[in-house]
Amino acid sequence: MNGISVDINHLKKGEVNLGTSIMAVKFKDGVILGADSRTTTGSYIANRVTDKLTQIHDTIYCCRSGSAADTQAVADMVKYYLQIYASQLPFDEKPTTEVAANVFQEICYNNKDNLSAGIICAGYDSKNKGSVYSIPIGGSIHKQDYAIAGSGSTFIYGWCNENFKQEMEQDECVAFIKTALSEAIKWDGSSGGLIRMVILTEKGVERKVFYPEDYQK
Amino acid sequence: MTSIGTGYDLSNSVFSPDGRNFQVEYAMKAVENGGTSIGLKCKDGIVLAVEKIINSKLLVPGKNKRIQTIDRHIGVVYSGLLPDGRHFVNRGRDEAQSFKSIYKTPISVPHLMDRLGIYVQNYTCYNSVRPFGVVSIVGGIDDNGPHLYMIEPSGTCWGYSGAATGKGRQTAKSELEKLNYEELTVREAVKAAAKIIHQAHEDNKDKDYELEISWISLDETKGRHEFIPDDLLEEAKKYAEEEDDEDEDDEEMES
């Protein structure tokens, strides 16, 4: 193990990349996760309708960016751990997003040399309402009100900072994410396709899809 | 009252024709000869107490603590073979740490008891080992409030409002049954525990004893398992002994 530098061009030859725009935003009733739908191998779009929003538990989801294989494997492991953890809780209790995010962090940190995974873990639980945790490459964990990640996120830091508001209504929040991801997709070649969203509240899960004709200005 | 195993009691893990593992039952005998320990689950926390029988005048009072801690929010007291108890607590500490290292949050008491129950039961399955010679009373506070559990050499584990084990357990249990756990606060329980140990000591009255009491409460100890402060211990001891004197006075008056 030499040095501390992390090479972002970490993917093995032929490996599939989730060059991406992903984000998760806490709002009044819970959280909303959003992502684009492009997976690339070099400049070829391997999948133009990818679902980067993966379920970990009933109302805990994650946004995946980086190596598709790595993030799928890690998400599967976290789902497994959460299932065992949940089965041992008192019968009406559900795992918190914090626990899920900590498991992500544990795996990402301990395997940092072999992984290329940037993950946003967000969910709704009755104790803490909505929460968003960002776990970038390297395996650190950051609790935030909203998080953006992926190659496309670099272009929208300024806009998001200016336009984010605490305690938004659901429609407001959907519009916020739609505009943010639309800009990210516009400027980043590795992002594109559909905008997928997952809304997590006390009521449960709601999925939304937006097509280019809808979000492209 | 004691039944002979007639051959089925020589090895651990062996079932007798009436479905008993005698070695596990004999392990309970070891517990029954030990100093009394009790636990109380109050509305705002847990109190654990133990009657430490003093075998030698050379032992330093206040050292040789019997009550131990698992993580920061769980306390354990046990009766029986003391080294077995220490091994049990050590395992509890490992389990709590391993849970924390993955989930980054303190283990909940029922969850820990589940794991310890599995561990203790394991020692009833093989003839190359013997069962644990302790009954442990485990109390802690987690996100769902205070919990109190008692675990036996068989691995059986139940949750209680009040639990007692060791030589004076019968006396202790009847006294514990008189308390109202819905209303009891930890401060009141500390005094009650001292009194109960004092009364249970009757079963061991040929030896001297030292009283050890610990508590866990969100208000008093910020949710951490701690020994009660010395002044509170003195107060509790006085309360336990003064009730004794009162009873003696009553007896005198009667005659």
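The values are calculated or read from the model by the stated rules, or taken from the named source; none is laboratory data. Note that the structure is a prediction, hence the values are computed from the model and not measured. With ideal geometry, Cβ positions are generated from the backbone for all residues, glycine too; neighbour counts draw on all protein chains shown.
Observations, loosely collected:
- Restricted to segment A:69-83, and to residues there that are more than 10 Å from every other protein chain (Cβ to nearest Cβ) and of a type in the set (A, V, I, L, M), the residue that is farthest from A:E106 (Cα to Cα) is A:A69.
- Qualifying residue in segment A:117-124 (condition: more than 21 Å from A:G34 (Cβ to Cβ) and either within 12 Å of chain B (Cβ to nearest Cβ) or not polar (S, T, N, Q) (or both)): no
- Scope segment B:105-122; condition farther than 18 Å from B:R224 by Cβ and either in contact (Cβ under 8 Å) with a residue 40 or more places away in the chain or within 14 Å of another protein chain (Cβ to nearest Cβ) (or both); matching residues: B:P110, B:H111, B:M113, B:D114, B:R115, B:L116, B:G117, B:I118
- The listed residues are A:S182, A:S151, and the only one of them that is at pLDDT below 95 and among the hydroxyl-bearing types (S, T, Y) turns out to be A:S151.
- Tally, over segment B:42-56, of residues that are surrounded by fewer than 24 Cβ atoms within 10 Å (Cβ to Cβ) and under 11 Å from B:G168 (Cα atoms): 0
- Total residues in segment B:103-121, condition of a type in the set (A, V, I, L, M, F, W, C) and surrounded by fewer than 19 Cβ atoms within 10 Å (Cβ to Cβ): 1
- Residue match in segment B:31-41 (condition: of a type in the set (D, E) and surrounded by 18 or more Cβ atoms within 10 Å (Cβ to Cβ)): no
- Flag for A:G150 being crowded, with 20+ Cβ neighbours inside 10 Å, among the small types (G, A, S) and away from every other protein chain (no Cβ under 14 Å): yes
- A count restricted to segment B:179-236 and to residues that are small (G, A, S), touching a Leu at 6+ places or on another chain (Cβ under 8 Å) and in a loop (DSSP other than H, G, I, E, B) stands at 0.
- Matching residues, segment A:31-65, being part of a strand (DSSP E or B), modelled with pLDDT of 95 or more and surrounded by fewer than 24 Cβ atoms within 10 Å (Cβ to Cβ): A:L53, A:T54, A:Q55, A:H57
- The residues of segment B:65-102 that are surrounded by fewer than 19 Cβ atoms within 10 Å (Cβ to Cβ) and within 14 Å of chain A (Cβ to nearest Cβ), listed by number, are B:Q97, B:S98, B:K100, B:S101, B:I102.
- Leading residue by the ranking (surrounded by the fewest Cβ atoms within 10 Å (Cβ to Cβ)) among those in segment B:152-164 that are touching a helix residue (DSSP H, G or I) at 6+ places or on another chain (Cβ under 6 Å) and assigned to a strand (DSSP E or B): B:C157
- Among residues of segment A:84-100 being assigned to a helix (DSSP H, G or I) and within 11 Å of chain B (Cβ to nearest Cβ), the one that is farthest from A:I120 (Cα to Cα) is A:S87.
- Positions within segment A:156-174 being in contact with a helix residue (DSSP H, G or I) (Cβ under 8 Å, 6 or more places away or on another chain), surrounded by fewer than 19 Cβ atoms within 10 Å (Cβ to Cβ) and outside any loop (DSSP other than H, G, I, E, B), in sequence order: A:W159, A:N163
- Checked against the criterion of being of a type in the set (V, I, T) and modelled with pLDDT under 95, the candidates B:T69, B:T105 yield just one match: B:T105.
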